[in-house]
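First the structure, in the form of structure tokens, and then the observations on it.
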Amino acid sequence: MDTTQYLDVFIDESKEHIEVLYKKLLELEKSPSEKAIIEEIFRAAHTLKGMSATMGYSDLATLTHTLENVFDAIRYDRVQVQTEMVDLLVETVDQLNSMVEDIANGGSGTRNIADVVNKLERMETGTSAQNASSSKGKQVSDSVTSTNVIRTLDEFELSILNESQERGFSNYEVTVQLREDCLLKGARVFMVFEVLEQLGEVIKSEPSVTELEDENFEHSFTVILVSNRPETEISEKIKKVSEIETVNVHEFSVSNYLETKEQVVQRSSVPANPDDKQVNPTPDEREVGKNAQQKTIRVNIEKLDVLMNLFEELIIDRGRLEQISIDLRNADLQDTVERMSRVSSDLQNIILMMRMVPIDHVFSRFPRMVRKLARDLNKQVDIEIIGADTELDRTVIDEIGDPIVHLLRNAIDHGIETPEERVRKGKPEKGTIKLEAFHSGNHVFIEISDDGAGINKDKVLKKALSNGLLTDREAEGLTDQQIYELIMESGFSTADKISDISGRGVGLDVVKNTIESLGGNIAIDSAVDKGSVFSVQLPLTLTIISVLLVELNKEKYAIPLSSIIETAIISKEQLLSAHHKKVIDFRGKVVPLVNLKDIFGVEAPEVEEAYTSVVIVKKGDKLAALIVDSFIGQQEVVLKSLGAYMSNTFAISGATILGDGEVALIIDSNAIIK
């Protein structure tokens, strides 16, 4: 069967199941006896195994099958979850993730999994063997006492098993594991069945006999055998067949089977709300339910990108039509353009919503990273995630992951103290990092806070002075927040020693540059021995933005509204000087004046004007007043890249095509203030 057409769906769904495995394993570590968590992990592993086998990725299917076996043993209490087990289980999921990534990159997904498979098999059978010896008071080679594996028996099969017990026979459940390098699986199964028929009567097999003959199974199968022979003899005779890895034999309990079946029926029949009544749905209701399941479809992100590009062209043409309708002053044309504007605005909202994805796509990988890093540093750290359902544009989501990783690593390494140090300070041994996301206007805020040591303001200032980042005079006027922001300067580090995690002076400056390149900003607040808060502000989307159009000597420029505080027209008398630079007094603050003509090299005759038009822009708590010739007005524009050849143009983040066909450059006010 040609499965290439399903590859994209396989990769997407595999990644979803792997995320579930990661998330639930961390929950399992905190609640090892929670059956609901164990069931979810088992289901995710079982589904991933089936998908992998269907697509022909045998290594992925084998490893997932082994993981599934472990959780089958856990959910039926043959194995008890312990903290040290979680490390191996997380390592296994890491292997699965690497294999899926290899497939996504065009590889075959093959990997040397022998070592981790052996570890998982020892985890599955080692503890089970101990349980068997303690419960039965005897050692049985390659056998376990457990809850039944086979759980689908009809009335006829049950009656045979009950009758055999009454006649003094034993009912056994026999699980045979073939070696992974077994070539003729069907032949080995036939030889095993020949042995079993000499020892007793086979009542049931899973997979079915037909599937076993067709080799439509992986490497293991289970049968129910009625026999008067002891377990050890059954096990030893089966193991004489070549290419057999393991043989597990234990008594099959009909009462356990019936009890388990009854519990499953009860769980499936109990309403979510005890007060709810069970009512059989009408045919119409069943049809509604059927339709409800078909309300979502998977769409390749590349198709959404194409749709977005087409819509951007529509926005440009809309602006052109608006300009034409104004010039012609035709009433019918103006009505049509207004209606087109309303419809396209609704269409814009829908397309942007389609591109929105929950930030949980990024957040979900952080708990395991925090767990591993904390263990490497011999620290105890909990991470609390709030607002993971907050949505961001896919383009922003793709870029924000690495900056948050840097901030989390910084919080664990520099912020959270060792357990001994926390106890000396009167804190709990375990530190807490809070990762929170929330909407505010047209922005999303991401806050990374910790209850660690905080930032030593004096140490930061001393290091900045010694590095020549500022002078003693400049240091005197800095606020606490401005001092904290010095740690994001290039090459800045207060670490006493260099490690693999931090101390090389790289990381936070990259964080700052990446966030600013996305049109956002970052602010820091801290208190010694109380902790630190890094607050990241990001735009909801990067493609269609609201701008203020301004004019410089008949050239049009656009300034993003997200950076603007207000516009003003100031008189010549309001211009002041400080440190040989022109400034203005803006609501009690001294704000430097920046002439955009000087920055962009716009040639214009010197004309003495009585009034000057300025745009007050901000970056964090810093302000600047940009001098322009005139204001044109507010407009929604499509942000277009300048391309690779002009990627380093100072203070220009892109360009847009206006309604009259002119190109307007989009000003990066963050770069100007910096």
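The values are calculated or read from the model by the stated rules, or taken from the named source; none is laboratory data. Values in this document were obtained by computation on a predicted structure and should not be read as measured data. Heads up, the Cβs are rebuilt from the backbone with ideal geometry, glycines too, and the neighbour counts pull from every protein chain shown.
Hey, could you check the range 198-227 for residues that are in contact (Cβ under 8 Å) with a residue 60 or more places away in the chain and outside any strand (DSSP E or B) and say which is nearest to Gly56 (Cα to Cα)?
Per the stated criteria, the residue is Glu218.
Residue pairs, Cβ under 6 Å, 6 or more apart or interchain, first in the range 413-437 and in contact (Cβ under 8 Å) with a residue 12 or more places away in the chain, second among the polar types (S, T, N, Q) and not in a helix (DSSP H, G or I). List them.
Taking only residues 6 or more apart or on different chains, the pairs are Asp413/Ser502; Gly415/Ser532; Pro419/Gln380; Glu429/Gln380; Lys430/Gln380; Lys434/Ser449; Ala437/Thr390.
Quick check on the range 95-112: of everything there that is surrounded by 16 or more Cβ atoms within 10 Å (Cβ to Cβ) and not β-branched (Val, Ile, Thr), which residue is nearest to Thr47 (Cα to Cα)?
Leu96
For the range 315-333, which positions are under 30 Å from Met354 (Cα atoms) and either outside the structural domain of Leu347 (by TED's automatic domain parsing) or touching a helix residue (DSSP H, G or I) at 6+ places or on another chain (Cβ under 6 Å) (or both)?
Listed by number, the residues that qualify are Arg318, Leu321, Glu322.
Tell me, please, whether a residue that is part of a helix (DSSP H, G or I), hydrophobic (A, V, I, L, M, F, W, C) and under 30 Å from Asp389 (Cα atoms) can be found in the range 316-328.
For the range 316-328, residues part of a helix (DSSP H, G or I), hydrophobic (A, V, I, L, M, F, W, C) and under 30 Å from Asp389 (Cα atoms): absent.
One line per residue, one yes/no per condition, for (1) assigned to a helix (DSSP H, G or I); (2) in contact (Cβ under 8 Å) with a residue 24 or more places away in the chain:
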site	(1), (2)
Ile350	yes, no
Val357	no, yes
His361	yes, yes
Arg371	yes, yes
Ala374	yes, yes
Asp382	no, yes
Ile397	yes, yes
Leu407	yes, yes
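I'd like the residue in the range 83-114 that is of a type in the set (D, E, K, R) and at pLDDT 85 or above and, out of all such residues, is nearest to Val20 (Cα to Cα).
Asp94
Pick from the range 199-210 the residues that are exposed (fewer than 14 other Cβ atoms within 10 Å of the Cβ) and either modelled with pLDDT of 80 or more or small (Gly, Ala, Ser) (or both): which of them is nearest to Lys237 (Cα to Cα)?
Among those that are exposed (fewer than 14 other Cβ atoms within 10 Å of the Cβ) and either modelled with pLDDT of 80 or more or small (Gly, Ala, Ser) (or both), it is Glu201.
Might you check whether a residue that is surrounded by 13 or more Cβ atoms within 10 Å (Cβ to Cβ), modelled with pLDDT of 80 or more and either hydrophobic (A, V, I, L, M, F, W, C) or assigned to a strand (DSSP E or B) (or both) occurs anywhere in the range 137-147?
no
Does the range 396-433 hold any residues that are surrounded by fewer than 15 Cβ atoms within 10 Å (Cβ to Cβ) and aliphatic (A, V, I, L, M), and which are they?
The one that is surrounded by fewer than 15 Cβ atoms within 10 Å (Cβ to Cβ) and aliphatic (A, V, I, L, M): Val423.
Of all residues in the range 34-80, count the ones that are farther than 20 Å from Lys15 by Cβ, surrounded by fewer than 20 Cβ atoms within 10 Å (Cβ to Cβ) and touching a residue at least 40 places away in the same chain (Cβ under 8 Å).
The qualifying residues number 6.
Say whether the condition of being part of a helix (DSSP H, G or I), modelled with pLDDT of 90 or more, of a type in the set (A, V, I, L, M) and within 24 Å of Asn521 (Cβ to Cβ) is met by at least one residue in the range 435-446.
Within the range 435-446 (the criterion being part of a helix (DSSP H, G or I), modelled with pLDDT of 90 or more, of a type in the set (A, V, I, L, M) and within 24 Å of Asn521 (Cβ to Cβ)), the answer is no, since none of the residues qualifies.
Could you give me the residue pairs with C-beta distances under 7 Å whose first residue belongs to the range 163-177 and is polar (S, T, N, Q), whose second residue is in a loop (DSSP other than H, G, I, E, B) wherever it lies, and which are 6+ apart or on separate chains?
Close Cβ pairs (under 7 Å, with a partner that is in a loop (DSSP other than H, G, I, E, B)) amount to Ser170/Asn228; Asn171/Phe252; Thr175/Val149; Gln177/His219.
Given (1) more than 30 Å from Arg355 (Cβ to Cβ); (2) among the charged types (D, E, K, R); (3) free of Cβ contacts under 8 Å to residues at least 12 places away in the same chain, identify the lone condition not met by Asp451.
Asp451 satisfies all of (1) more than 30 Å from Arg355 (Cβ to Cβ); (2) among the charged types (D, E, K, R); (3) free of Cβ contacts under 8 Å to residues at least 12 places away in the same chain except (3).
Pick from the range 591-645 the residues that are of a type in the set (Asp, Glu) and more than 30 Å from Asp346 (Cα to Cα): which of them is modelled with the highest pLDDT?
The qualifying residue modelled with the highest pLDDT is Asp629.
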